[in-house]
Amino acid sequence: MQAWTSLLVVYSQGCACNRPPSRGNCPMLLSFRFANHRSFRAEQQLNLMPAYGDGDEAGESAPQAVPVVGVFGANASGKSNALGALTYMREMAVGSDRAVEPGERLSREPFRLDVSAIAQPSRYVVDLLLGGTRHTYGFVVNDARVSEEWLYHYPVGRKRRVFERDGDEFSWGEESGRRGDLGQIAGITAPTALFLSTVARFGHSRPEPDPANPQPLHDTYRWFYLANRGADSSLGPSVLLDNSRADAQRLRHLVVDLLRAADVGIVDLVLLPERINFDHVFPEHTFHGLAARLRAGSEALIPHRIQFAHQGPQGMALLGLQDQSTGTRQLLTLGLRAAEVLGTGATMLVDEIDASLHPILTAKLISLFRSPKANPLGSQLIFTSHDAALLGTLDAEEILRRDEIWFVEKDDEGASSLYPLTDFKPRKEGENRQRRYLNGNYGAVPNLSNHLFEQALATRGDSDDAATR
């Protein structure tokens, strides 16, 4: 499994456009606060700043933000909703200027188990480290519109306003620059759109941040744009067929090497052309002989399908993606996403990271983000899981540090709360967190009733007997 790290190191360096690894300038999520989103009624905070100082964890110097956060909890406790809140904020920041047609209401999902909460606004705030400078961006929305929006940054540790929005009224900071241009863009910002996404669409964006010439608006937008890309399956196995990507060949080699390292029985990847009836596509009478030329020139455009080579007793056998196990397909998808994220210094969100994967594979994926060698650009991974094994150790090393573990629990009124393991003052060594969690010491476990389980199954059995009489 050590091969995983070296393979993704090579790929991430190839994706990083030869940028030198400088963790001081790495974009990082420092904290995320949100309120009135799905099962979360009160404001919650996911804090990614380390809880322990230099040298507290195995002689490591403390980073400015932890590279990994794992969120654990029972089924239906709200783990997915916590990640969903950050995903919603990202979608609004990137596409709110195009998401809502004029006259339509804003899409949001407030806490619906309390009638009073439905009428209350929802709030989302991130603290980011961009170019070595802290930025705070947030907004408040109700069903009708964006009611508030703001962006601050903290050069040399002092709070500076970039812009503030109250309804349709905007105010600018002294260092905002090009106020006339920003004022014009503010004038065309729809009530249901964020100014951040509107200025990115109509302003002058740039592909890379420039620490020597910071632009808080564009640098903040870029963090959201890169965050969680590929979660919509655009970085799934089909990307291996996309020859328009400059890194297509490298991706294919990476996939083969990763699958070999994971010991899933795959030894190679083959792209086979689909069979096309050109006589049907380009009949002979088409434009007096043009069909023959079109047929000849279309060979490069023939679609392909992915085949995976497995070693058998008589040699290699080719099997399609649909013939692979669910775990292999999950590993393939997560491996592709991780390679992309590690090469851009972005943030990756994964709901139920352990789904269909062996705990060792899941732990190895997590370790890639914690390794400075595999993760030179400071990418971050935030995931949810039910797998208590991830609270333990692998090869005598912690899979997750104490300040990388969070829990979600739902109260009797159906409202979720988010809290860290550090609230329980865990010891650095000698504490079996996996066992303590399963024993309920940290909460966030199902409150099961053996009696009700047995009663429900007995009732079902009686019903089945009655139905067969």
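The values are calculated or read from the model by the stated rules, or taken from the named source; none is laboratory data. What you see is a predicted model; the values in this text were computed from it and never measured. Positions of Cβ are backbone-derived with ideal geometry, glycine not excepted, and every protein chain shown enters the neighbour counts.
For the residues G103, G95, G70, the requirement of being in the same structural domain as A389 (by TED's automatic domain parsing) and either at pLDDT 95 or above or buried (at least 24 other Cβ atoms within 10 Å of the Cβ) (or both) singles out G70.
I'm checking my understanding of the structure. Among residues of the stretch 320-359 that are among the acidic types (D, E) and not in a helix (DSSP H, G or I), which one is farthest from D219 (Cα to Cα)?
Initially, the stretch 320-359 is screened for residues among the acidic types (D, E), giving 323, 340, 351-352, 354.
The next check asks that each one be not in a helix (DSSP H, G or I); those that pass are 351-352, 354.
On the way: D351: 26, E352: 30, D354: 33 Å.
Filtering first and then ranking leaves D354.
When L83, L113 are screened for being at pLDDT 95 or above, among the aliphatic types (A, V, I, L, M) and out of contact with any strand residue (DSSP E or B) (no Cβ under 9 Å at 6 or more places or on another chain), only L113 passes.
One line per residue, one yes/no per condition, for (1) surrounded by 21 or more Cβ atoms within 10 Å (Cβ to Cβ); (2) among the small types (G, A, S); (3) farther than 12 Å from G70 by Cβ; (4) assigned by TED's automatic domain parsing to the domain that holds L46:
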site	(1), (2), (3), (4)
S356	no, yes, yes, yes
I360	no, no, yes, yes
A363	yes, yes, no, yes
I366	yes, no, no, yes
R370	no, no, no, yes
L377	yes, no, yes, yes
I382	yes, no, no, yes
H386	no, no, no, yes
D395	no, no, yes, yes
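When L336, L342, L321 are screened for being in contact with a strand residue (DSSP E or B) (Cβ under 7 Å, 6 or more places away or on another chain), modelled with pLDDT under 90 and more than 20 Å from N47 (Cα to Cα), only L321 passes. When T384, T362 are screened for being in contact with a helix residue (DSSP H, G or I) (Cβ under 7 Å, 6 or more places away or on another chain), part of a strand (DSSP E or B) and not hydrophobic (A, V, I, L, M, F, W, C), only T384 passes. Taking strands (runs of 3 or more DSSP E) as the structural unit, those lying wholly within the stretch 106-207 and holding at least 3 residues that are in contact (Cβ under 8 Å) with a residue 40 or more places away in the chain correspond to 122-130, 133-141, 146-153. In the set E174, E169, only one residue is more than 12 Å from P216 (Cβ to Cβ), surrounded by fewer than 18 Cβ atoms within 10 Å (Cβ to Cβ) and at pLDDT 95 or above; that residue is E169.
Please determine whether any residue of the stretch 434-456 is surrounded by 19 or more Cβ atoms within 10 Å (Cβ to Cβ), within 30 Å of A262 (Cα to Cα) and charged (D, E, K, R). Scanning the stretch 434-456 turns up no residue that is surrounded by 19 or more Cβ atoms within 10 Å (Cβ to Cβ), within 30 Å of A262 (Cα to Cα) and charged (D, E, K, R).
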